[in-house]
Amino acid sequence: MTTGTTTNETPSAVSSWRREALAGLRDTAPILPGVLPFGMIYGATAVAVGISPLMAQAMSVAVFAGASQVAAVDLLARDAAWITVLGAVLVINSRFVMYAAAVGAVLPRLRGGKGMLASYLLTDQGFAVTVARSQKPNTAGSLLPYYLGASAALWTTWQTGTAVGIAVGGIVPPSWELEFSIPLMFLALLIPTLKDRPSWIAAVVAGAAVLLGRDLPHNLGLMVGSLLGIGAGLVAERGRPGEGERP
Amino acid sequence: MSRTSLLILIGAAALGTYLLRASFLSLVASERLPLWAKRGLRYVPPAVLAALAVPAFVPAAWPPDGAGSLVRPAAAVVAVLMGWRFGSVLLTIGSGMATLWLLKLVL
C-alpha cells in the first residue's frame with residue numbers, strides 16, 4: 001500500500017500488482033479442483049462424439065466457455081445444423097453481457113490489448129470473485145490485477161482439464177462430485193451481497209424464476225431469472241426512496 | 001459436419017462470444033449505459049449469483065424422492081450457516097463439500 005506522498009512508486013507498484021494477482025489466484029483456488037473435472041468431461045465427450053482432439057482443444061481456447069461448449073458438443077453429436085449450434089452458444093453466453101457491465105463498472109477504463117485480454121478471459125467465477133472483492137474497502141485501484149490473476153488461473157485450469165479429458169477421458173470419479181464446489185462458491189459469494197432489502201428481493205426473485213424456468217432450453221432460465229431479479233431489485237428500491245443508495 | 005465447417009463454426013462461436021464479453025468491458029464504456037441500467041448493475045451480483053447457485057441445490061423433482069435428493073440441499077444449508085457465521089468463502093465451500101461427502105457415505 002502506498003502512503004500517497006511519493007510519486008515514483010515503481011518497485012512497490014509492481015509488487016502490489018503481483019500481490020493482487022496472487023490474491024485473485026488464491027480466491028479462486030477452492031473451485032479450481034471443481035473446474036478441472038468439468039473440463040475433463042467436456043474434453044472426453046467431445047472426443048467421444050467424433051470431434052478431433054485438435055478441434056476439441058481449439059474450442060476450449062477459442063470459445064473458452066464451458067457450458068456453451070458442452071451444449072455445442074451435445075448438439076453436434078445429434079447432427080444439428082450449424083445455425084442451431086451457433087445460436088445455442090450465443091444464447092447461453094449472453095450472460096457475459098451482464099458480467100461485462102458489472103465488471104466494467106469496477107475496473108479502470110481498459111484500452112487496446114489489455115481490454116481485449118480482460119474481455120476474452122471473462123467467466124462466471126471471475127466475475128463473481130472480482131465483484132465480491134470490489135465491495136471490500138480499499139480495493140478500488142487494484143481490481144485489474146486481481147481480476148486477471150483469478151481469470152488466468154481459471155483459464156489455465158480449463159485448458160488443462162480439456163487436455164486431460166481429451167487424452168484419457170474423465171478420470172476423476174464422478175461420485176466425488178468435485179463440480180459441486182462451483183455452485184457452493186456462488187452461494188458463498190452471494191451471502192455478502194444481501195446487504196439490503198432490495199438485494200434480498202433481487203436474489204429471491206431470481207432464484208424462484210430460475211427454478212420455474214428450469215425446463216427452458218439453452219440456460220435461458222438463467223438469463224431470464226437474472227433479469228427478473230434485477231428488475232425486482234430496482235422496483236423494491238423505488239418503493240423506499242434512499243434505500244439502496246450508496247452512502 | 002465437415003472439418004472445414006466445424007472450423008468456421010468454432011470461429012464464429014468464438015467471435016460472437018468474444019463480442020458478448022467485450023460489450024461493456026472494452027467496446028462500450030459502462031458509463032454509457034442509461035440510468036436505469038446503471039442502477040440495475042447494483043443488483044447483478046445478488047440476482048446472478050442466486051440464479052447460478054439455486055438450481056444446484058433444489059431437487060428437480062417435487063416432492064423429493066428419497067433421502068438422496070436431499071443431500072445437496074442439506075449441504076447448501078450447512079454451507080450458508082457457516083458462511084453467515086464466519087464469512088469465509090473457503091469455509092463455506094469446505095463445509096458444503098464435507099457435508100455432501102459425509103451424507104453420501106452415510107446414506
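Here, each number is a calculation from the coordinates, and none is a lab measurement. Note that this is a predicted model, so its numbers are computed, not measured. Here the Cβ positions follow ideal geometry from the backbone for every residue, glycine too, while neighbour counts run over all protein chains shown.
Counting only alpha carbon atoms, the long axis of helix A:124-134 and the longest principal axis of chain A meet at about 10°.
Within chain B, the proportion of Cα pairs with more than 20 Å between them is 64 percent. Computed over chain A with a Gaussian network model linking Cα atoms closer than 10 Å, the most mobile of A:Thr157, A:Thr28, A:Thr193 is A:Thr193.
Would you tally the net charge around A:Met185, using a Cβ to Cβ cut-off of less than 12 Å, leaving A:Met185 out, and scoring K and R as +1, D and E as -1? Walk me through the intermediate numbers first.
Values: positive: none; negative: A:Asp27, A:Asp124, A:Glu179.
So the environment of A:Met185 carries a net charge of -3.
Which order, highest average first, do A:107-113, A:43-49, A:208-214 follow once you tally other Cβ atoms within 10 Å for each residue and take the mean per peptide?
Numbers: A:107-113: 12.6, A:43-49: 20.9, A:208-214: 17.9.
Averaged packing, sorted descending, gives the order A:43-49, A:208-214, A:107-113.
Inter-chain neighbour count for A:229-236: the average number of beta-carbon atoms from partner chains within 10 Å of each residue's beta-carbon is 5. Across every pair of non-identical alpha carbons in chain A, the mean reciprocal distance, once inverted, gives a Kirkwood radius of 19.8 Å. To the nearest ten degrees, helix A:32-48 and the longest principal axis of the Cα atoms of chain A are 30 degrees apart. In order along the range B:47-62, the phi-based Karplus estimate (6.51 cos²θ - 1.76 cosθ + 1.60, θ = phi - 60°) of 3J(HN,Hα) comes to 5, 5, 5, 5, 5, 6, 7, 4, x, 6, 10, 9, x, 5, 9, 10 Hz; Gly and Pro are listed as x. A full extension of the chain between B:Phe86 and B:Leu70 corresponds to an added length of 3.3 nm, given 0.36 nm per residue minus the alpha carbon distance. Projected label points at A:Val91 and A:Val49, each 7 Å from Cα along the beta carbon direction, are separated by 1.5 nanometres. For the peptide A:206-213, the mean number of other protein chain Cβ atoms found within 10 angstrom of a residue's Cβ is 6.
In chain B, the longest principal axis of the Cα atoms and the axis of helix B:3-22 are about 80 degrees apart.
Couplings for the range A:213-229, taken from phi via the Karplus curve 6.51 cos²θ - 1.76 cosθ + 1.60 with θ = phi - 60°, read x, 4, 8, 5, x, 6, 6, 4, x, 5, 5, 4, x, 4, 5, 5, x Hz in order; Gly and Pro are left as x.
How crowded by other chains is A:85-98, given as the mean number of beta carbons from other chains within 10 Å of each beta carbon? Present the calculation step by step, with values, prior to reporting the outcome.
Values: counts 6, 6, 1, 1, 8, 6, 0, 1, 7, 4, 4, 9, 7, 8.
Mean number of neighbouring Cβ atoms from other chains: 5.
Largest mean-square fluctuation among B:Ala74, B:Ala50, B:Ala61, in a Gaussian network model of chain B whose springs join Cα atoms under 10 Å apart, belongs to B:Ala61. For the range A:139-247, the Kirkwood estimate of the hydrodynamic radius, built from every pair of different alpha carbons, is 17.1 Å.
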